[in-house]
Amino acid sequence: MFYAVYESGRVDMRLEFNMLHKSGDILFFAEDLDYKQTRYYYFIDKSRLRVQLSLKGCKINQIILHLEGSLSHVELEIESPNHGVEVVEVYKEHPLSMPHLSYLATIFGYINRVGYEAYRKYDLKLE
């Protein structure tokens, strides 16, 4: 499955990449791979090559969605100058609640405003 995620949080999902709209306020394109209870989302460019999503102070390598019973959780593989590559859980959700890619668009917009270090320190409470 292929996705175009807009800055507004709107998600366009299609079976074929060429069916996605490729203009407007698109934050990122992604392709997912399913492995039983885990779904991996990789960022891709308009040529369908894997890329990192560059945000203020970090780069996101992939999104990892763990589907476990009544509560799922979302992790990001993040690369930053001060912390290297780390996998960070960003939130938990009930499977039928707000779509995770829409919610991540909000998180990514926030990181772009405040920077990854501020997000990491105050929102993730890792330090």
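The values are calculated or read from the model by the stated rules, or taken from the named source; none is laboratory data. Just so you know, these numbers come straight off a predicted model, no measurement behind them. Here the Cβ is made from the backbone with ideal geometry for all residues, glycine too, and neighbour counts use every protein chain on show. All accessible areas refer to the heavy atoms of the entire protein, side chains included, with ligands and DNA or RNA removed. Shrake-Rupley method; radii C 1.70, N 1.55, O 1.52, S 1.80 Å.
Compute, for the chain, the length of the dipole vector about the Cα centre, with Cβ point charges of +1 (Lys, Arg) and -1 (Asp, Glu) only. Units Debye, rounded to 20. Roughly 240 debye, rounded to the nearest 20.
Computed from backbone phi, the HN-Hα couplings of the stretch 7-19 come to 4, 6, x, 5, 10, 9, 10, 9, 6, 10, 4, 5, 8 Hz, rounded to whole numbers (Karplus: 6.51 cos²θ - 1.76 cosθ + 1.60, θ = phi - 60°; Gly and Pro given as x). Taking Lys and Arg as +1 and Asp and Glu as -1, the other residues whose beta-carbon sits under 9 Å from that of residue 6 total -2. Considering only 55, 119, 69, and ranking their Cα positions along the charge dipole of the chain that arises from unit charges at the beta-carbon of Lys, Arg, Asp and Glu, the one farthest toward the positive end is 55. Here the chain exposes an accessible surface that is 51 percent carbon and sulfur, computed with a 1.4 Å probe and the other protein chains kept in place. Each helix, a run of at least 4 DSSP H residues, gives -39500 (n - 2.57); summed and divided by the residues of the chain, these come to -4000 deg cm²/dmol at 222 nm. Taking 0.36 nm per residue of separation and subtracting the current Cα-Cα distance, fully stretching the chain between residue 114 and residue 25 would add 30.1 nm.
Taking all protein chains into account, the per residue accessible area for the chain stands at 57 Å² (1.4 Å probe). For the listed peptides 72-85, 23-36, 104-117, a ranking on the average number of other beta carbons within 10 Å per residue, highest first, reads 104-117, 72-85, 23-36. What number, in percent, do you get for the relative contact order of the chain if the mean sequence gap of Cα pairs under 8 Å and at least 6 apart is divided by its residue count? Computed value for the chain: 19 percent relative contact order.
Enumerate the residues in the stretch 33-51 having an amide nitrogen under 16 Å from the point lying 7 Å beyond the Cα of residue 11 toward its Cβ. Taking a point 7 Å out along Cα→Cβ of residue 11, the residues of the stretch 33-51 whose backbone N falls under 16 Å are 33-35, 38-44.
Note on Rg/Rh (Cα atoms, Kirkwood Rh): of the candidates (1) 0.95; (2) 1.01; (3) 1.05, the value calculated from this structure sits at (1).
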